[in-house]
Every structure is written in structure tokens, then in C-alpha cells.
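Single-structure report; data block below.
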């Protein structure tokens, strides 16, 4: 697993780095401390996971996140901070960040977060979950999931929603049935479902209740 740490030198960084090396023994860990280093690393390595500390120069780090998501598709990014902020959480999640944790969260929380993010699922620290009380949070997450769909994935899910069969969708998109099955499997993973009916129901709920 290739991991990029965009974290200022401190005890937390060393602790997380050691945890990753012990938990994922084949990991290659790169470190960047400024925007230039980040994009140099991005051109050299395809990262499975990126961890960004936004404690220092928060506006600059948010700007960096925007640039990363604009230039690279389907990034898996975890944001960490010393002090949780609802506004900050909403801002980075709308960009496409998949996990938001405090530095004081346990390594068990980080382990769970990493596994979820690698499986295209979100993780949010308990402070934000408690503050949101479930009222706004689902809409933010829904928007994040929909934003990560490719144009072709969106076409496929819309056709599935219309009741078209796999063969019909493959023919309409000029792709093989096997390729259609690949797209459907990706959609199942992104929506965390196992059936087409569940996929359609989840997609319809998200598009009808999207947070703006």
C-alpha cells in the first residue's frame, strides 16, 4: 500500500507512521510538507491513501485538497486535526474527503477509518457524529458518494433504475456484458449494497435528499 502523509513533523506523525508500517508491512510511506512536494510525489507514485493534517495553515491545506481533487479522480483522503470543527468537517467532506478524525482518536479508530476508506466508505469522528445528531450528516455523505461517480457509472445506475437488463445496458453503451458487470460491482461497493434493487433504492434516496 502506498501512503502519502501530509503532516507536520511531530509525535503524532511518527506514531501514525509506525502504526502503518506495523499494520501494513508492505507499505511505502512518502512524506510531503509543502504543495510542491505533494504534487512531485503524486507524479511519481499512485497513492492508495493520503492523510492530511489541517492543523497548520488550514486555508492553505483546504486549497491543497481542492487542487488535488480537481487534478486527480477518486482519491482516498483522510483529514486529521487537533480540534474538530463542524464547518471545517462540512467543507472538506464536500470536497471529497472520506474520513475526518482527531489526532487524539485511538489507533483503533484510525485502523477502522483506514479500512473503511480503502473500501470506499466514510469514517467520521465521534465528536462530529454527536454534534450533528444525524440531522445533516446523511446528506453530506450522500453528496460525497454521488460526487465520486464517474460519468459512465452514472449512466449505468440511471439505466438500472429504469429497469433495463444488463444486456440492454451493455448494448446501449456499446460495451460488453462483462464490462457492465464490472461497473455494477463498483457501484455495489460505492453504495455498500449487494443487490440491484438496493442500489436503485439507495441512489434514489440520495438524489432526492441531496444536501446543497
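The values are calculated or read from the model by the stated rules, or taken from the named source; none is laboratory data. Just so you know, these numbers come straight off a predicted model, no measurement behind them. Cβ: placed from backbone, ideal geometry, glycine included. Neighbour counts: every protein chain shown.
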**Message:** With the structure loaded, tell me whether residue 174 is at pLDDT below 90 and loosely packed, with under 15 Cβ neighbours inside 10 Å or whether it fails that test.
**Reply:** no
**Complete:** Restricting segment 149-167 to residues that are in contact with a helix residue (DSSP H, G or I) (Cβ under 8 Å, 6 or more places away or on another chain) and surrounded by fewer than 15 Cβ atoms within 10 Å (Cβ to Cβ), the one modelled with the highest pLDDT turns out to be 167
**Prompt:** With segment 152-212 as the region, which helices (runs of 4 or more DSSP H) entirely inside it contain at least 1 residues that are under 19 Å from the mean Cα position of the chain (by Cα)?
**Reply:** 177-191, 196-208
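Considering 62, 92, 117, 45, which residue is in contact with a helix residue (DSSP H, G or I) (Cβ under 9 Å, 6 or more places away or on another chain), closer than 30 Å to residue 153 by Cβ and either buried (at least 19 other Cβ atoms within 10 Å of the Cβ) or in contact (Cβ under 8 Å) with a residue 40 or more places away in the chain (or both)?
Among 62, 92, 117, 45, only 92 is in contact with a helix residue (DSSP H, G or I) (Cβ under 9 Å, 6 or more places away or on another chain), closer than 30 Å to residue 153 by Cβ and either buried (at least 19 other Cβ atoms within 10 Å of the Cβ) or in contact (Cβ under 8 Å) with a residue 40 or more places away in the chain (or both).
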**Request:** Of the conditions (1) closer than 26 Å to residue 88 by Cα; (2) in contact with a helix residue (DSSP H, G or I) (Cβ under 9 Å, 6 or more places away or on another chain), residue 1 clears all except one; give me its number.
**Result:** (1)
